Amino acid sequence: MSGANIAIGVPVRNEVERLPILLRALSAQTDAPPFTLALFFDNCVDGSEALVTDMAGGLPFPIATSCCNTGGQPNAGLARRHAMSLAAAIAPSGTLMTTDADSAPATDWIAANLHALRAADVVAGRVVHEAGGASAIQAQLEAYLDRLHSFRRLFDPVPWEAPRSHHWTSAASLAVCSHVYQAIGGFPAMPNGEDAGFADAAARGGYRLRRDAAVWVTTSTRRSGRAAAGLAASLSAWDNASVPPDIAHPEDEAWRYALHAKARHLHGSGQFDLLAHALDLPLTEVERVADECRNGEAFAARIVGAPPGGMRQVPLPRAELLLATLEQTQLEGAA
């Protein structure tokens with residue numbers, strides 16, 4: 001199957017109940033070119049492999065598989081890395097996508113990813129919870145983070161961002177050109193958080209990440225997941241929480257966004273005095289990092305950290321009010 005243009009890498013660990021949902025969702029793709037599904041069975045003992053074998057003949061796409069049966073604790077990053085290595089071998093010069101075995105991509109998921117990749121190097125899709133699955137606090141937090149990301153683009157606009165964006169950077173929906181995936185180094189072999197690690201490496205490498213709300217998947221809201229500290233653990237934690245969490249102060253986030261834009265603009269100019277002062281960094285360090293970065297996106301991702309005084313933490317309801325004030329001020333300034 002080597003030489004295919006599109007391959008979708010999915011790690012599987014004991015997903016016999018959810019796999020049919022994924023396979024049916026991929027079978028229902030519209031306006032999608034031919035693709036191959038690459039499944040990595042990670043120490044499955046529930047019949048997941050047999051299920052796929054039984055269903056494969058009735059699917060409108062080929063499936064490639066590999067497996068590990070050596071035991072051991074789950075490692076989400078390592079499993080996804082294996083799945084994507086299989087996908088990359090199938091489509092070495094094409095497009096790689098990944099989702100989770102307990103997710104159901106929208107019927108235009110492949111087509112929407114391909115459209116978004118015309119403007120960017122990596123596309124992160126939106127994650128939609130099954131109806132009634134998220135707790136009130138989880139829903140409140142996610143709505144705030146979506147607002148915050150939209151606010152970010154007022155301070156830090158980039159031409160590759162989607163008209164409708166979102167806050168997610170989840171491996172439940174990621175797409176990337178194969179050569180970019182290889183250049184980034186693939187998913188890190190982390191027990192959890194491999195998606196955030198991959199996105200950070202992409203930005204630090206100077207690659208354009210687009211969070212596109214037109215690309216989306218529905219994902220399971222089960223509370224017992226396969227990866228430690230994954231979405232299932234987060235959902236369970238918010239079920240039992242009595243108060244909303246503390247999060248970064250939106251004014252400190254706005255500071256970071258403005259400095260990202262400034263660093264991106266200044267890269268290649270050699271004029272870093274004011275940027276170094278704002279970052280409270282030696283000018284020589286800023287110049288060194290700029291020389292090491294191939295473009296402004298890489299420079300912004302590498303040089304901008306927390307404000308000199310650190311990131312303040314405020315309760316989520318307080319952050320919502322502060323963000324509303326910042327949004328209003330920004331709108332009035334643009335009028």
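Values computed for the structure shown
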{"item": "Wholly within region 236-335, helices (runs of 4 or more DSSP H) carrying at least 1 residues that are more than 23 Å from Y144 (Cβ to Cβ)", "result": "250-266, 273-279, 283-292, 296-303"}
{"item": "In region 24-47, the residues that are free of Cβ contacts under 8 Å to residues at least 40 places away in the same chain and in contact with a helix residue (DSSP H, G or I) (Cβ under 6 Å, 6 or more places away or on another chain)", "result": "F41"}
{"item": "Filter result (part of a loop (DSSP other than H, G, I, E, B), surrounded by 23 or more Cβ atoms within 10 Å (Cβ to Cβ) and hydrophobic (A, V, I, L, M, F, W, C)) within region 169-214", "result": "A171, A172, F187"}
{"item": "Yes/no for R147 being in a helix (DSSP H, G or I), out of contact with any strand residue (DSSP E or B) (no Cβ under 9 Å at 6 or more places or on another chain) and crowded, with 18+ Cβ neighbours inside 10 Å", "result": "no"}
{"item": "Filter pass, V122 being touching a helix residue (DSSP H, G or I) at 6+ places or on another chain (Cβ under 7 Å) and either in contact (Cβ under 8 Å) with a residue 40 or more places away in the chain or not assigned by TED's automatic domain parsing to the domain that holds G305 (or both)", "result": "yes"}
{"item": "First in region 260-282 and over 19 Å from F155 (Cβ atoms), second anywhere and among the hydrophobic types (A, V, I, L, M, F, W, C) and assigned to a helix (DSSP H, G or I), Cβ under 6 Å, 6 or more apart", "result": "F272/V286; A276/L283; A276/V286"}
{"item": "Answer from L22, L37 - the residue that is in the same structural domain as A124 (by TED's automatic domain parsing), assigned to a helix (DSSP H, G or I) and not basic (K, R)", "result": "L22"}
{"item": "Pair list, Cβ < 7 Å and 6+ apart or interchain, from region 300-321 residues that are under 11 Å from L279 (Cα atoms) and touching a residue at least 24 places away in the same chain (Cβ under 8 Å) to residues that are assigned to a helix (DSSP H, G or I) and of a type in the set (F, W, Y)", "result": "P307/W255"}
{"item": "Residue among T70, T53, T107 that alone is surrounded by fewer than 24 Cβ atoms within 10 Å (Cβ to Cβ), among the hydroxyl-bearing types (S, T, Y), at negative phi and not in a loop (DSSP other than H, G, I, E, B)", "result": "T53"}
{"item": "Subset of region 166-198 that is of a type in the set (S, T, N, Q) and touching a helix residue (DSSP H, G or I) at 6+ places or on another chain (Cβ under 6 Å) - its residue that is modelled with the lowest pLDDT", "result": "N192"}
{"item": "Residues of region 296-330 satisfying the condition of being farther than 14 Å from W255 by Cβ, touching a Pro at 6+ places or on another chain (Cβ under 9 Å) and aliphatic (A, V, I, L, M)", "result": "V314, L316, A319"}
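The values are calculated or read from the model by the stated rules, or taken from the named source; none is laboratory data. Here the structure is a predicted model, which is why all the values come from computation and not from measurement. Neighbour counts are summed over all protein chains in view; Cβ atoms, including those assigned to glycine, are modelled from backbone coordinates with ideal geometry.
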